[in-house]
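Participant: Structure incoming, see below.
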Amino acid sequence: MIITVTLNPAIDKTIEIDGLTQGGLNKVVCSNTDPGGKGINVSKVIKSLGGESMATGLLGSSYIENALNKVGISHDFVRISGETRTNLKVFDRRTGETTEINESGPEVSMQDIDCLYEKIITHATAGSLIILSGSAPKSLPRDVYKTLIQKLKEKALKIFLDAEGDLFRQALEGKPHIIKPNRHELELYFERKLDTRTSLREASQHFIERGIEKVFISLGAEGAFYSDSKRSYYLNPLQVKAHSSVGAGDAFVGAVAYALENQYGLEKLLKMAVATSAGAVMTVGTKPMDSIWVLKNMEHVVVTAL
Ligand code: ATP
Ligand code: MG
Ligand code: MG
């Protein structure tokens, strides 16, 4: 059983323009609206790979629930007052770049988090994988993930954390089982450049010594890195025509979760994560990747032991 948790869901609106005129009028060539927010994106990736998950979190309007119903993703959110935020992604066809403009989210309180905790434990079974992903509304304390992790771990649940900044730093004190920072998030945490494999290995070691079992580091177009207490691997990226890196990390997390749920061996899991995230960068916005392409191309990922 996989449960994804999104504290700060969003309506993802992707618009395409043909060259951005700053300070002038821009015509939208096409636009697309999707249910979004990191955990929800992870649920979509798991679905595309043929797996099942349940999406939960804090939700204002019913737009996202309706959209999840349409794509067959089960969900049970804590309803809060206030509007769900909109995250705008502007894809410029001329430069191939995506600009993101995100709202910060509604007012919520730790009481909402207590309700969320109750929801999670009613749906989870022993050993369920709980994915805590993305930002939290500003009105919540920065140790919100730490609090949730500590309580969920008492119920013998497996925790997969994907967060950044203070949320990430404080969540680590709760000792999640799995983390997936990207390079930027790690550099923020360590306050230094991590541009060699040795530095990545040292960074992973730091987390493993603090009780984290599996450390995945995503390196964007440079691939990924994996470490646990016994081994470290570098994973080369797949060479693809990158359309938008938005959601690549969520695709990576979703694939890892799917592979763990299906008890894949480590090598197959790593290949699937790299291929799934490469598949995601080939699509615009948070559109799901082509799972057939993923299955065909995962064999091209080279897993190098360090
Ligand atoms: P997100 O914006 O979803 O949070 P992230 O910054 O957490 O993403 P990245 O490190 O950018 O995650 O990317 C995750 C994975 O996606 C990488 O480990 C890599 O496998 C794949 N990836 C990202 N960009 C590219 C690219 N240009 N070409 C091939 N693969 C890529
Ligand atoms: Mg990135
Ligand atoms: Mg990320």
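Results for (1) without any contact (Cβ under 8 Å) to a residue 40 or more places away in the chain; (2) more than 15 Å from L7 (Cα to Cα); (3) open to solvent by less than 10 Å² (accessible area, probe 1.4 Å), shown as yes or no for each residue.
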{"position": "D143", "(1), (2), (3)": "yes, no, no"}
{"position": "K151", "(1), (2), (3)": "yes, yes, no"}
{"position": "A156", "(1), (2), (3)": "yes, yes, no"}
{"position": "L161", "(1), (2), (3)": "yes, no, yes"}
{"position": "G165", "(1), (2), (3)": "yes, yes, no"}
{"position": "F168", "(1), (2), (3)": "yes, no, yes"}
{"position": "G174", "(1), (2), (3)": "yes, yes, yes"}
{"position": "L188", "(1), (2), (3)": "yes, yes, no"}
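Participant: Let me ask something else. Looking at (1) open to solvent by 40 Å² or more (accessible area, probe 1.4 Å); (2) charged (D, E, K, R); (3) under 14 Å from the mean Cα position of the chain (by Cα), can you tell me which one K13 breaks?
Facilitator: Every condition holds for K13 apart from (3).
Participant: Still on this structure, please answer the following. Tell me, please, whether a residue that is at pLDDT 95 or above and within 14 Å of ligand 2 (Cβ to nearest atom) can be found in region 196-217.
Facilitator: So far as region 196-217 goes, yes, one or more of its residues are at pLDDT 95 or above and within 14 Å of ligand 2 (Cβ to nearest atom).
Participant: Please verify whether region 171-190 includes one or more residues that are among the polar types (S, T, N, Q) and closer than 17 Å to F225 by Cβ.
Facilitator: For region 171-190, residues among the polar types (S, T, N, Q) and closer than 17 Å to F225 by Cβ: present.
Participant: Can you report the number of residues in region 269-282 which are of a type outside the set (D, E, K, R) and open to solvent by 30 Å² or more (accessible area, probe 1.4 Å)?
Facilitator: Residues that pass the stated criteria total 1.
Residues checked against (1) within 16 Å of ligand 3 (Cβ to nearest atom); (2) open to solvent by 40 Å² or more (accessible area, probe 1.4 Å); (3) out of contact with any Leu (no Cβ under 8 Å at 6 or more places or on another chain):
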{"position": "F225", "(1), (2), (3)": "yes, no, no"}
{"position": "K230", "(1), (2), (3)": "no, yes, yes"}
{"position": "Q239", "(1), (2), (3)": "no, yes, yes"}
{"position": "S244", "(1), (2), (3)": "yes, no, yes"}
{"position": "A248", "(1), (2), (3)": "yes, no, yes"}
{"position": "V253", "(1), (2), (3)": "yes, no, yes"}
{"position": "A257", "(1), (2), (3)": "yes, no, no"}
{"position": "E267", "(1), (2), (3)": "no, yes, yes"}
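Participant: Another question, then. Mind checking which pairs have a first residue in region 228-257 that is of a type in the set (D, E, K, R) and a second that is within 16 Å of ligand 2 (Cβ to nearest atom) and open to solvent by 20 Å² or more (accessible area, probe 1.4 Å), Cβ under 7 Å, 6 or more apart or different chains?
Facilitator: As it stands, the answer is K241/M282; D250/K38, since those pairs meet every condition given.
The values are calculated or read from the model by the stated rules, or taken from the named source; none is laboratory data. Keep in mind it's a predicted model, so treat the numbers as computed, not measured. Here the Cβ is made from the backbone with ideal geometry for all residues, glycine too, and neighbour counts use every protein chain on show. Surface areas here come from the heavy atoms of the whole protein model, side chains and all, with no ligands, DNA or RNA. Shrake-Rupley method; radii C 1.70, N 1.55, O 1.52, S 1.80 Å.
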